[in-house]
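Encoded as structure tokens, the structure appears first; notes follow it.
The values are calculated or read from the model by the stated rules, or taken from the named source; none is laboratory data. None of these values were measured; they are calculated from a predicted model. No Cβ is skipped: glycine too gets one built from the backbone with ideal geometry, and neighbour counts run over all protein chains shown.
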Amino acid sequence: MYQQKLVFYIGITSSALCLIPFIFSLFNLKKINFYLKPIFGLLVMNVIFEIMNIFSSIYNHSNNYILHYFTAVEFALISLFYSFFFRNYFKPYLINLFIPLFLIAAYIDYRVYGLFSVYNFSPSVECIVLIIYSFFFLYYALKNLIFENLLSTPVFWINTAILFYFSGNLILFIFSDYMAKSDIIKYGILWSIIHTFFNLLYNILLSIGFWKTKSR
């Protein structure tokens, strides 16, 4: 019983963290660049999905279906962020192609495992692809010196948030089915602690990114 309450309260705390970057983005809404708008849209969707997640937790309903829908929306919006940014330097055909391909994969995931399954491959694929995007951004920005001061740009902090969050949660997503079948309670605690830590880091870095728009 204690363990279930711990998972519940950690989950509520993790969900509430999405308000931090959302508030920062609202303060600097007028200064948000075109390529940052998909991330702002992601923050809005994140708040909506986390509210749904909180109500699911309160009424002890499975929230796995929320993850399925959110994964598809999240991947599309983050991919658009990279696509819009790199459009200033080259034609990001590959990024644009991956969006419909991933949505098809997410639909197949849903058809095979169902909306309420713990195991699904689409979050793992999402992590791998977005990690590649974030590393490529760093490689391209450093090689071509496209910024005078990389640390002062909003895109650097947002890219770092994406890199840390999806790198940190990759193993968690890959082995979620195995861990859930081994011990669902311990899996819930482990998921809550690890995901909440990286979620906190993710939201802090996103907040810094949108705060940096103030100096532009």
Note on the range 152-167: residues over 20 Å from residue 196 (Cβ atoms) and among the hydroxyl-bearing types (Ser, Thr, Tyr) are 152, 153
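Residues are listed down the side, and each one gets a yes or a no for (1) in a helix (DSSP H, G or I); (2) charged (D, E, K, R); (3) modelled with pLDDT of 80 or more; (4) more than 26 Å from residue 21 (Cα to Cα):
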{"site": "48", "(1), (2), (3), (4)": "yes, no, yes, no"}
{"site": "52", "(1), (2), (3), (4)": "yes, no, yes, no"}
{"site": "55", "(1), (2), (3), (4)": "yes, no, no, no"}
{"site": "91", "(1), (2), (3), (4)": "no, yes, yes, yes"}
List every residue pair whose Cβ atoms sit under 6 Å apart, with the two residues 6 or more apart in sequence or on different chains, where the first one lies in the range 64-76 and is closer than 15 Å to residue 129 by Cβ and the second, anywhere, is surrounded by 20 or more Cβ atoms within 10 Å (Cβ to Cβ) and among the acidic types (Asp, Glu). 71/126; 75/126
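The rows are residues; the columns are (1) out of contact with any Pro (no Cβ under 8 Å at 6 or more places or on another chain); (2) crowded, with 21+ Cβ neighbours inside 10 Å; (3) not small (Gly, Ala, Ser).
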position: 135; (1), (2), (3): yes, no, yes
position: 139; (1), (2), (3): yes, no, yes
position: 146; (1), (2), (3): yes, no, yes
position: 159; (1), (2), (3): yes, yes, yes
position: 168; (1), (2), (3): yes, no, no
position: 171; (1), (2), (3): yes, no, yes
Please state which of the following conditions residue 108 fails to meet, knowing it meets all the rest: (1) of a type in the set (Val, Ile, Thr); (2) modelled with pLDDT under 90; (3) within 16 Å of the chain's Cα centre (by Cα). (3)
Quick test for you: out of 191, 157, pick the one residue that is modelled with pLDDT of 95 or more and in a helix (DSSP H, G or I). 157
Pairs please, first residue from the range 123-142 and within 15 Å of residue 70 (Cα to Cα) and at pLDDT below 95, second anywhere and surrounded by fewer than 19 Cβ atoms within 10 Å (Cβ to Cβ) and polar (S, T, N, Q), Cβ atoms under 8 Å, 6+ apart in sequence or on different chains. 127/167
